[in-house]
Every structure is written in structure tokens, then in C-alpha cells.
Amino acid sequence: MQMKTTDTSKADKPLEFLSFTLGHEEYGIDIQKVQELRGYDAVTRIANAPEFIKGVVNLRGIIVPIIDMRIRFGIGAPSYDQFTVVIVLNIGGRVVGMVVDSVSDVITLTAEQIKPAPEMGSALDTDYLIGLGTLEERMLILVDIDRLMSSEEMGLVEAAAA
């Protein structure tokens, strides 16, 4: 009797994304990159850092650069209130904080629910997008957070935190 093997390739496995908002849009990042969620606290500014790097915080002995995603994506002026959240990410052994307007929930998407991002020319850099996740009436812009946080300009984050 032969055992039937099932293909457990990545395409079959549902992916989990932490959904968050910036302005009127909803975004999603791989939940496995998220270390913790925190409220927005005061940061220590770093001289000559790019505008999107708000500064650094000391998180249990680790100096963590804090990036404001509204500024990074050019989505209006940032405002900080009781809903503002810092998503602490662990990317390739580096800890980085990402300021977002609010965090919604964890969404599970199958490969069929993830559509490729449309080509927008130079208006939007789609290099940092996995695609668009669709769930009933919701559409999530899925961000490849590894790629975004390891891009050349994010090397400035590393320099700022050093």
C-alpha cells in the first residue's frame, strides 16, 4: 500500500499578516516579523537623520530606531494620539520600530487572495509590495517589510542607531 504524500509547498499554506492603517489605507506585514506592539512614546532625536527616522528608543537595553511610516510613504502629516502604535519588528536580527496610525487585527490569506500589485510607473515603488490581499470587502496593501527595511536608505537607520 502506497502512502499518498501531500505537497506542503508555500503556495498552499495560508499566510498571516498583521493589518495596520496609515491614513485611509490598510496595510499588512508578515506577522512572523513582528516582535511586539507598543504605544508611541517620546523618542530621542538623532541629528542629521532623514525625516522619516523619528529617533531611537531604549527597549530593554536595545537601541531601536523608530521609523514613521506616514513620512516614509509620504502620506500626509503624522499625528500621534492614543491609537498610534509602534510595531516592533525583528528583521534579520535587527530590531526596528515602525510607527503606524493604528493596528487592526491578524488576517490569514491564502495564495488565491493575494493579487500582484499593479504597475504604477514611478508614482509608487512596487518593489516593496508583495501584492494586494483581498478579504471580502477589505483590500490590504501587503508590504514586503524585509525588503523595505533592508533598502539602501534604511542603511541610514543602522547608521543613526549606531
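The values are calculated or read from the model by the stated rules, or taken from the named source; none is laboratory data. Please read all numbers here as calculations on a predicted model, not as lab measurements. All Cβ positions, glycine included, derive from the backbone under ideal geometry; neighbour counts span all protein chains shown.
Here are some notes:
- Tabulated pairs, the range 74-89, first without any contact (Cβ under 8 Å) to a residue 12 or more places away in the chain, second surrounded by fewer than 13 Cβ atoms within 10 Å (Cβ to Cβ) and in a strand (DSSP E or B), C-beta under 9 angstrom, 6+ apart or interchain: none
- Qualifying residue in the range 92-104 (condition: over 16 Å from the mean Cα position of the chain (by Cα), in a strand (DSSP E or B), more than 15 Å from residue 25 (Cα to Cα) and hydrophobic (A, V, I, L, M, F, W, C)): no
- Residue in the range 139-148 that is nearest to residue 108 (Cα to Cα), counting only those that are surrounded by fewer than 21 Cβ atoms within 10 Å (Cβ to Cβ) and either modelled with pLDDT under 90 or of a type in the set (Gly, Ala, Ser) (or both): 146
- Pairing residues of the range 40-52 that are more than 20 Å from residue 76 (Cα to Cα) with residues that are modelled with pLDDT under 90, at Cβ distances under 6 Å and at least 6 apart in sequence or on separate chains, gives 46/160.
- Top-ranked residue in the range 76-91 [being assigned to a loop (DSSP other than H, G, I, E, B) and touching a helix residue (DSSP H, G or I) at 6+ places or on another chain (Cβ under 8 Å); ranked as surrounded by the most Cβ atoms within 10 Å (Cβ to Cβ)]: 78
- Among the residues listed as 131, 55, the single one being of a type outside the set (A, V, I, L, M) and more than 18 Å from residue 18 (Cβ to Cβ): 55
- Of all residues making up the range 17-42, the number that are in a strand (DSSP E or B), aliphatic (A, V, I, L, M) and more than 16 Å from residue 84 (Cβ to Cβ): 2
- The range 58-71, subset touching a residue at least 60 places away in the same chain (Cβ under 8 Å) and within 17 Å of the chain's Cα centre (by Cα), residue surrounded by the most Cβ atoms within 10 Å (Cβ to Cβ): 65
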